Amino acid sequence: MKKILNYLFEHKSLSRDEAKEVLLNISRGVYNESELASFITVYLMRSITIAELQGFRDALLELCVAVNLDGLEVMDIVGTGGDGKNTFNISTLSCFIVAGTGNKVAKHGNYGATSISGSSNVMEQLGYKFKNDTSSLQREINETNICFLHAPLFHPALKAVGAIRKNLGVRTFFNMLGPMVNPAFPKYQLVGVYNLEMARIYNYLLQDAKSNFTIIHGLDGYDEISLTGDTKVITNKGEQILSAETLGKRTVSASDIYGGDTAEDAATIFVSILKGNGTWAQNAVVLANSAMALSCTCKYGDYDECYQLAVESLESGKALRVLEKLCG
């Protein structure tokens with residue numbers, strides 16, 4: 001690692017193969033914590049290259065525990081995290097609303113490294129038991145339309161750096177990798193990113209994937225449709241900027257979508273929204289992200305039709321019943 005660090009400190013970058021080898025070694029426990037922290041810090045000081053990101057992704061996918069969902073066309077709704085906004089668990093809630101419409105969801109998530117409650121934190125609070133055996137996951141998605149893939153159970157390298165990421169408490173290149181290494185290889189992906197540079201990188205990488213994708217970035221710094229301002233939307237077909245009024249009827253304030261101070265707070269907000277007790281702003285943000293995810297499938301008409309499907313899933317209690325059946 002010393003040789004690699006000195007190379008990187010000279011403002012050089014790794015090739016795709018070199019990056020892959022480093023991450024393979026991380027998963028093998030070759031480096032100590034100080035070396036890992038130094039390596040991660042390099043990418044806090046400069047932008048990651050596409051070749052490096054591809055190499056890191058190659059390693060994670062080569063090592064990952066495979067998930068066979070019987071050929072189902074599944075969706076993932078995921079943000080990179082790292083936007084520092086501490087919103088409630090919008091992407092995970094949207095997964096349950098989409099599952100309530102009858103679409104299959106394989107949600108890939110992890111504990112929060114830069115936020116109080118990541119998707120794994122809230123799922124754990126809600127009583128979900130993490131697992132990586134295929135038969136259980138197949139049963140869950142067949143019976144409830146959703147299964148949850150806790151990233152460290154599928155990616156040894158993520159488990160190896162989990163404590164370091166939490167101690168650093170800032171976004172790292174692992175935030176960028178999460179949405180690209182779902183072991184179920186979803187056909188449809190709604191990916192939220194925290195800045196426009198990441199949006200461009202994801203657009204480049206996902207163009208090569210055999211999936212329908214939509215990349216979203218709140219132009220005031222959110223890695224999701226926040227309705228606090230305009231949203232950049234990039235799909236296989238092009239890109240556009242959409243207003244909060246177009247996506248969710250009106251603008252909301254940052255305080256309206258605050259996620260609380262603890263994982264318990266996050267779980268309380270989560271259940272409250274699914275039970276129909278969310279505020280107008282909370283509901284609107286979740287519905288907008290759900291509608292954009294449904295739109296990504298190209299199964300429906302326009303965005304407004306997808307929005308109405310999301311509304312029906314939430315207001316009818318279908319999304320809540322998905323949660324109750326999954327975690328009951």
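By how many nm would the segment from LYS129 to ARG250 lengthen if fully extended, with 0.36 nm per residue of separation less the alpha-carbon distance?
Computed gain between LYS129 and ARG250 is 39.8 nm.
Between region 204-269 and region 47-122, what is the C-alpha centre distance in whole Å?
14 Å
Could you give the angle, 0 to 90 degrees to the nearest 10, between helix 196-207's Cα long axis and the longest principal axis of the Cα atoms of the chain?
90 degrees
Which whole number of Å³ per residue matches the convex hull of the alpha-carbon atoms in region 173-328?
Spread over its residues, the Cα hull of region 173-328 gives 132 Å³ apiece.
Taking the alpha-carbon distance from LYS325 and a cut-off under 29 Å, which lysines remain once sequence neighbours fewer than 8 residues away in the same chain are dropped?
Filter leaves LYS104, LYS107, LYS129, LYS131, LYS159, LYS187, LYS275, LYS299.
How large is the Kirkwood hydrodynamic radius of region 110-247, in angstrom, based on all distinct alpha carbon pairs?
16.5 Å
What dipole magnitude, in Debye to the nearest 20, does the chain give about its Cα centre under +1 on Lys/Arg Cβ and -1 on Asp/Glu Cβ?
Taking the Cα centre of the chain as origin, the dipole is about 500 debye.
When the gyration tensor of the chain is built from Cα positions, what are the square roots of 5 times its three eigenvalues, in whole Å, from largest to smallest?
Ellipsoid half-lengths, sorted descending, are 31, 21, 19 Å.
Got the relative contact order for the chain handy, in percent, Cα pairs under 8 Å and 6 or more residues apart?
Dividing the mean separation by the residue count of the chain yields 21 percent.
Which cross-chain or sequence-distant (5 or more) residues have an amide H under 5 Å from the amide H of ASN145, H modelled 1.01 Å from N in plane?
It is none; the list stays empty.
Suppose each label sits 7 Å from its Cα in the direction of the beta carbon; what would the SER15-ARG28 distance come out to in nanometres?
Placing both labels 7 Å along Cα→Cβ, they lie 1.8 nm apart.
Considering only DSSP beta bridges whose two residues both sit in the chain, what percent are antiparallel, to the nearest 5?
So the antiparallel bridges in the chain amount to around 45 percent.
Show which lysines lie in cross-link reach of LYS249 when reach means a straight Cα distance below 19 angstrom and same-chain residues fewer than eight apart are skipped.
LYS232
Along the charge dipole of region 75-327, pointing to its positive end and built from +1/-1 on Cβ of Lys, Arg, Asp and Glu, which listed residue (ALA151, LEU93, ALA244) has its Cα farthest out?
Of ALA151, LEU93, ALA244, it is ALA151.
Per-residue counts of other Cβ atoms within 10 Å, averaged by peptide: what ranking do you get for 228-240, 27-39, 117-129, highest first?
Sorting 228-240, 27-39, 117-129 by mean packing, highest first, produces 117-129, 228-240, 27-39.
Among TYR202, TYR188, TYR258, which one moves the most in a GNM of the chain with springs linking Cα atoms closer than 10 Å?
The residue that fluctuates most here is TYR258.
To make sure I understand the rule: partners must be lysines, Cα under 17 Å from the Cα of LYS166, and not fewer than 8 residues away in the same chain. Which ones qualify?
The qualifying lysines are LYS85.
Relative to the longest principal axis of the chain, what angle (0 to 90°, nearest 10) does the C-alpha long axis of helix 318-327 take?
Helix 318-327 sits at roughly 50 degrees to that axis.
For region 2-63, compute Rh as the Kirkwood radius over C-alpha pairs and then the Stokes-Einstein diffusion coefficient at 20 °C and 1.002 mPa s; write the answer in µm²/s, rounded to an integer.
183 µm²/s
Enter the Cα centre distance for the pair region 5-37 and region 128-147, rounded to the nearest angstrom.
34 Å
Ranked by Cβ crowding within 10 angstrom, fewest neighbours first, how are LEU69, LEU219 ordered?
With the sparsest Cβ surroundings first, the list reads LEU219, LEU69.
Got a sec? Charge dipole of the chain, +1 on Cβ for Lys and Arg, -1 for Asp and Glu; which of THR228, TYR43, THR214 is way out at the positive end?
The one lying farthest along the dipole's positive direction is TYR43.
Bear in mind that the values in this text are calculations on the coordinates, not laboratory data. Please read all numbers here as calculations on a predicted model, not as lab measurements. Neighbour counts are summed over all protein chains in view; Cβ atoms, including those assigned to glycine, are modelled from backbone coordinates with ideal geometry.
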